[in-house]
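Structure, as structure tokens:
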Amino acid sequence: MMATKRQEIAPLGARTCGKVVQGMNVVYLDNAATSWPKPPQVAQAMADFLEHSGGNPGRSGHRLSIAAGLAVLEAREAVANLVHIDDPFRVIFTLNATHALNLALFGLLRPGDRVVTTSMEHNSLMRPLRELERRGVAISVVPCDHQGLIQLDVWRQELARGATLACATHASNVTGTIQPVVEMGLLAHEADALFLVDGAQTVGALPLDLQAAHIDLLAFTGHKALLGPTGTGGLVLAPGFPPERLQPLVRGGTGSRSEREEHPDMLPDRFEAGTPNGVGLAGLRAAIDFLTDQRIESVRQAEVAVEQELWDGLAAIPGVHLYGPAAAERRTSTFSLRIDGMRVDEVGLRLDEDFSILTRVGLHCAPAAHRTLGTFPEGTVRLAAGVFTTREDVQRVISAVSEVAASAAHAPRVPPCVEASAATRGRSGKEA
Amino acid sequence: MPATEARSVVVFHTTSAAIKADKAARQAGLETRLVPTPRHLSSDCGLALRFARVDRAKMEALLREAGVEPAGIHDL
């Protein structure tokens, strides 16, 4: 029964939203992990790339290689437009936001440097930072409140003690909490620190002007709010950021300066080596075109309305606890919940099995964030709506959670999470 | 362009720059073609942009406007 339900996903196209899986109309609430469904234009662009532009992007002088190179350039231009910078070569493509954050952190930091970050970070930022700490970089973690919001006065104080780099997520992947990046960036620059932002949860979801937010380096992923395929993402260098401050993470073939065995310095080649993900970037470009056509601002307004309805409906259910800012405009389309008397894994499984509602349970690769919220090590059930989430979906979720919470209220008390004592010993969580 | 017409090529530091210049030139109505870089001119980047020699001033202006710094412009 379980196996049957989880097999095969119906192809997109028959319905505009394509939310039917094995005959069941699912409510997909895992968009913070990866968005689904994608606009049909994405798959079409990827098929077109494979059929008509299948060369190695820009490596060879023939027409297939040039067509592939043009697809990559146009993806670069689409990202540059999105974050309001003029030079597309300051968009460095990587596999994902994690790869981009690693490029920024390992490229910038040396033993003796000091970094200021927040207690709501994902492991994509925390794990490279902890490795750099082992190598002699000092790390200061600024606390956030119970809704995940940065304490700006502490942020200011920690920066005033001297810092090479300030880095923070734009919005939490657990509670959706949007940080005041404009103020944070201004304070970082006042303290002569560079400002690196993890935009994994926000690029595509919220309008963002790189320079207005005082951001020097912005990591993004293509497969979440941007609605593109996995394997796409990047690091955007602000117009004033000197590329020579950043050491490359990978070196190799670029199709340029081939007579030299040293890696070239010109952008984007300085930070990109090896064959790029042309097919993925063709899909990303189509996704950004789709979003731009819809206008991110109007998508956002529609999402906020749906999100508020979801939060308010769930908040009224006895035994349900919500994590994140209550006001939908203060978060992305993501927040977390727990139900009294029921483990989060049980809640997630019941929502999937009995109601075809797909969530993500556990620590969401963000143990620091769960410590801040007081939900470590058990974690939460995360509800991450997306562009295609409807009001009808919201009503289904509210009624399903009511039913699960009512059954939990009548069930015998569950034992505490068995891994609790083991997981609290180490800094790292049990899940990546 | 007719095969007998005198031609020039722009050579670049990166293939991304070559492709960007080609796109900008086409949008401006110049007749161009990306070609493998003539080996005797440069090994900077595998792609060069071939154009009619009479369009040289237009090409230089267009590169400036597109923010593309060429590695060189050579007559063929």
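The values are calculated or read from the model by the stated rules, or taken from the named source; none is laboratory data. Note that the structure is a prediction, hence the values are computed from the model and not measured. Every residue, glycine among them, receives a Cβ derived from its backbone with ideal geometry; neighbour counts consider all protein chains shown. Areas reflect the complete protein model, heavy atoms only, side chains present, ligands, DNA and RNA absent. Shrake-Rupley method; radii C 1.70, N 1.55, O 1.52, S 1.80 Å.
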Post the alpha-carbon centroid distance, the stretch A:245-272 to the stretch A:276-307, in whole angstrom. 31
Over the protein assembly as shown, what percent of the accessible surface lies on carbon and sulfur atoms, probe 1.4 Å? 52
DSSP beta bridges in the protein assembly as shown [antiparallel fraction, %, rounded to 5]: 70
Please compute, over every Cα-Cα pair in the protein assembly as shown, the percentage with a separation greater than 29 angstrom. 55
Would you mind getting the accessible area per residue of chain A, heavy atoms of the protein chains only, 1.4 Å probe, in Å²? 41
Check: C-alpha center the stretch B:57-73 vs C-alpha center the stretch A:87-150, spacing in Å is 38
Considering lysine pairs in the protein assembly as shown that are 8 or more places apart or on different chains, how many have Cα atoms under 17 Å apart? 6
Given a 10 angstrom Cα cut-off, can you work out which residue in B:R56, B:R64, B:R33 is the most mobile in a GNM of chain B? B:R64
Would you tally the net charge around A:T232, using a Cβ to Cβ cut-off of less than 11 Å, leaving A:T232 out, and scoring K and R as +1, D and E as -1? +2
Pick from A:S333, A:S60, A:S124: which residue has the top mean-square fluctuation in a GNM of chain A where Cα pairs under 10 Å get a spring? A:S60
Per the Cauchy relation, a quarter of the hull surface: what is the mean projected area of the convex hull of the alpha carbons in the stretch B:7-75, in nm²? 3.7
In the A-B interface, the accessible area buried, summed over both sides, Å² (probe 1.4 Å): 1600
Go ahead and estimate [θ] at 222 nm for the protein assembly as shown from helices alone: -39,500 (n - 2.57) per DSSP H run with n ≥ 4, summed, over the residue count, rounded to 500. -11500 deg cm²/dmol
Which residue, A:V154, A:V381, A:V174, has the most motion in a Gaussian network model of chain A that connects Cα atoms within less than 10 Å? A:V154
Env charge @ A:A32, Cβ radius under 10 Å, K,R +1 / D,E -1, value +2
Report the local net charge at A:N102: Lys and Arg +1, Asp and Glu -1, summed over other residues whose C-beta lies under 12 Å from its C-beta. -1
